[in-house]
Amino acid sequence: MYSEEFYRLALRHLEGYGSATLRQMLRLAGSACQLFTQPETWRSKMSARARKLPPPTVTTDMARRVETELRQMEKYHIRLCSCLDADYPYRLKNCQDAPLSFFYKGEPIFNRTRMLAVVGTRDVSDYGRDATRKILSELRGSDVVTVSGLAYGVDTEAHHNSLENDLPTIAVLGNGLGRIYPPGNTSLARQIVERGGTVVSEYDFQAIPDRVNFPRRNRIIAGMADAVLVMETAAKGGSMITAYIAHSYNRDIFAVPGSIFDGRHDGCHELVRKNMAALVTSGQQLLEMMNWDARPARPVQTSLFLNLSAEEQTVVDALRGGEVPLDVLSEQMSGCSPSKIAGILLGLELKGVITCKPGKMYALNN
């Protein structure tokens, strides 16, 4: 019998099973070892369709590949993070398309309290560099961990400025950890690890930086974070993909405005225009909007001193029991259009009655 880590690696080479099925198998089996060695304990609980698939087995070729991976991991100080591990990012774990496991070098800082993805164009302008430098310098001392993709442009600026401001940072690659891509960021990747950060990849050690890998890795960047900050991006591109993924995960999205004459800012303006992102121009604004500034909210006696409309009172009453997500509030206000609900919530925020918290959760301030 092999080790648990061997079986977890073997799962990555198991063919014929989809990721959702594999997650269910792992949950029912309780461990990767038991999944392979004691299928009778969990197969009967699977769907009839899944039971028609052949029982998972370790083939000779699979064993050879896993043994090679184990030697590479030991030699290069690489670790595997499985969805069964306590260190697995809990934010990412709640995403339907999360990877079963991924490799990493560095510290497992995936579950810190404040996680911010910073993304943007590879063709970054001087303005984009300055904006990234400004906002991240204003996050110094905030305990924020940044997440980005180690690409040239905004990603590189985000990692560099995180290090300069003592913010731990996570770089998510679109290729294996056997090489750093782009090669010019090899030194930066090393600094990230040496300064308490992490370099992450869901791909095998020797996987090349294929174009199809980068849109897929964007879901990990979005899924690990509480919020995504889009610094500078055109209307199409990887950063917009990350923003749309983050929106589907119900993450908060922020965008930095720019010149209307420079297409490198069109994506940020589009996100704001569609009410998918909030406009920010400083780190302090971001901290306040995420409720990360640690300052107590101004107490408000909603029932005695404010003149609320019927719709506003409905929201206040719904929040008296604690935090409520936006989709639940929308259900309770089914007679109102989404734009009207957004206006009601914004009005209550401006009056100091409610606060929008990470994950589009709303709560009373009193």
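For the reader, a short list of remarks on this structure follows.
- Here I260 meets each of (1) of a type in the set (A, V, I, L, M, F, W, C); (2) under 30 Å from G352 (Cβ atoms); (3) without any contact (Cβ under 8 Å) to a residue 24 or more places away in the chain with one exception, condition (2).
- Single residue of F110, F102 found to be in a loop (DSSP other than H, G, I, E, B), surrounded by 19 or more Cβ atoms within 10 Å (Cβ to Cβ) and aromatic (F, W, Y): F110
- For L167, the stated conditions hold: it is closer than 15 Å to S148 by Cα and either assigned to a loop (DSSP other than H, G, I, E, B) or of a type in the set (F, W, Y) (or both).
- Qualifying position, being out of contact with any strand residue (DSSP E or B) (no Cβ under 7 Å at 6 or more places or on another chain), in the same structural domain as C268 (by TED's automatic domain parsing), buried (at least 23 other Cβ atoms within 10 Å of the Cβ) and under 17 Å from V118 (Cβ atoms), among R195, R219: R219
- For Y127: the one exception among (1) within 25 Å of Y249 (Cα to Cα); (2) of a type outside the set (S, T, N, Q); (3) surrounded by fewer than 24 Cβ atoms within 10 Å (Cβ to Cβ): (1)
- Cβ-Cβ under 8 Å pairs, at least 6 apart or on other chains, region 47-61 side modelled with pLDDT of 80 or more, far side among the basic types (K, R) and assigned to a helix (DSSP H, G or I): R51/R43; P55/R43
- Count of residues meeting criterion [farther than 16 Å from K360 by Cβ, of a type in the set (G, A, S) and in contact with a strand residue (DSSP E or B) (Cβ under 8 Å, 6 or more places away or on another chain)] in region 257-290: 1
- Counting the residues of region 216-255 that are aromatic (F, W, Y) and either out of contact with any helix residue (DSSP H, G or I) (no Cβ under 9 Å at 6 or more places or on another chain) or farther than 25 Å from D143 by Cβ (or both) gives 1.
Yes or no, residue by residue, for (1) of a type in the set (V, I, T); (2) in contact (Cβ under 8 Å) with a residue 24 or more places away in the chain; (3) surrounded by 13 or more Cβ atoms within 10 Å (Cβ to Cβ):
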site: S44; (1), (2), (3): no, no, no
site: V66; (1), (2), (3): yes, yes, yes
site: E69; (1), (2), (3): no, yes, yes
site: C83; (1), (2), (3): no, yes, yes
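- Restricting attention to region 95-108, the residues that are in contact with a Gly (Cβ under 7 Å, 6 or more places away or on another chain) and modelled with pLDDT of 95 or more total 2.
- The residue list T198, T186 contains one member that is closer than 22 Å to L9 by Cβ and modelled with pLDDT of 95 or more, which is T198.
The values are calculated or read from the model by the stated rules, or taken from the named source; none is laboratory data. Just so it is clear, the structure is predicted and the values come from calculations on it, not from any experiment. So basically every Cβ, Gly included, is an ideal-geometry build from the backbone, and we count neighbours across all protein chains shown.
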